[in-house]
Amino acid sequence: MTSLVLVRHGETDWNAQRRIQGSTDIPLNENGRTQARETAERLRDELAGDGPVVIASSDLSRAHETARIIATTVGVAEPRTYPQLRERSYGDAEGITDSEFHARWGDWHTAEVPNAESWPDVRRRALAGIQRVIRDARRATAPAAPTVVVVAHGALIREVIRHASAGEFPHAGERLPNGSAHTFLVERDRLSMRSYVGTPVR
């Protein structure tokens, strides 16, 4: 059994402007770095004495920098990056605001955006990426069972939560805040959710 913590990266300027990032590589802003440090300090305290910790991330800079801040604070090795953990590609919607998105295509989850990655593909990719991270972490720490911290992106983490909760969570109208941490247990290839953090969309 492996403990898994999924962390949403810290804030970027596009997050602050409510622009859709997707696969566009936007860096953390200073508030995002502060959020990453605060999350790192919480995790350091929560994971103390729990055995080996392995940290991994998406290869997009906002996730990788967040992961590096966490690794430094927790005192573990440099995080390895995995392209499978990238945010959903939003195709023609990348760079526009959420209000512009709704005006053009309507509902977030049912909109058909040109050149965007489908939600089922995002989920399959996310789960395959997490399985790979966990296999690598287990090999690196054997025979001890690791806690695996994965820094990724809001839409990708939502799909993992929806998979693990059979669609019950997150609730409608909730967002996953930047820097939030969500916990799971992985037994063989079965993923069960222990907690998630959702806040109302403003």
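The values are calculated or read from the model by the stated rules, or taken from the named source; none is laboratory data. A quick note: this is a predicted structure, and the numbers were derived from the prediction, not measured. Note that each Cβ is placed from the backbone with ideal geometry, even for glycine, and that neighbours are counted across all protein chains shown. These area figures cover heavy atoms from the full protein model, side chains too; ligands, DNA and RNA do not enter into them. Shrake-Rupley method; radii C 1.70, N 1.55, O 1.52, S 1.80 Å.
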- Item | Signed unit charges on C-beta, dipole axis of segment 91-198, positive-most listed residue PHE184, PRO170, ALA155 | PHE184
- Probe 1.4 Å, heavy atoms of protein chains only: per residue, the accessible area of the chain in Å² is 48
- Item | Among (i) 1, 6, 13, 16, 16, 13, 9, 6, 4, 4, 4, 3, 3, 1, 0, 0; (ii) 1, 7, 16, 19, 20, 16, 12, 6, 2, 0; (iii) 1, 8, 16, 21, 22, 16, 9, 4, 2, 0, 0, the entry that matches P(r) over Cα pairs in 5 Å bins from 0, in percent as calculated here | (iii)
- Task: For the chain, calculate the relative contact order in percent as a whole number, restricting contacts to Cα pairs under 8 Å that are 6 or more residues apart.
- Result: 32
- Note on the structure: Over the chain, the sum of -39500 (n - 2.57) across DSSP H runs of at least four, divided by residue number and rounded to 500 deg cm²/dmol, gives at 222 nm -12000 deg cm²/dmol
- Counting Lys and Arg as +1 and Asp and Glu as -1, each charge on the Cβ, what is the dipole of the chain about the Cα centre in debye, to the nearest 20? 520
- Convert each backbone phi in segment 31-42 into a coupling constant with the Karplus relation 6.51 cos²θ - 1.76 cosθ + 1.60 (shift: θ = phi - 60°), then list the ³J(HN,Hα) values in order as whole Hz, x for Gly and Pro. 5, x, 5, 5, 4, 4, 5, 5, 5, 4, 5, 4
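Quote to one decimal, in nm, the extra length available between ARG44 and GLU174 on full extension: 0.36 nm per residue of separation minus the C-alpha distance between them.
Working: separation 130, 0.36 × 130 = 46.80 nm, distance 2.67 nm.
Taking ARG44 through GLU174 to full extension adds about 44.1 nm, to one decimal.
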- Charge dipole of the chain built from unit charges on the beta carbon (Lys, Arg +1; Asp, Glu -1), centred at mean Cα; most positive-end Cα among PRO83, ALA63, ALA142 is ALA142
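Classify segment 160-202: rounded, prolate or oblate, from the alpha-carbon gyration tensor (a ≥ b ≥ c, eigenvalue square roots; a/c under 1.5 rounded; otherwise prolate if a/b is larger than b/c)?
Working: a/c = 3.52, a/b = 1.78, b/c = 1.98.
Judged from the Cα gyration tensor, segment 160-202 comes out oblate (a/c at least 1.5, b/c at or above a/b).
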- Query: Carbon and sulfur: what percent of the chain's accessible surface (1.4 Å probe)?
  - Reply: 47
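At a Förster distance of 30 Å, what's the computed FRET efficiency of ASP13 paired with ALA103, Cβ-Cβ distance as r, to 0.05?
My answer for the efficiency is 0.85.
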- Note on the structure: Simple spin-label estimate for GLU78/VAL197, 7 Å along Cα→Cβ, in nm, reads 2.8
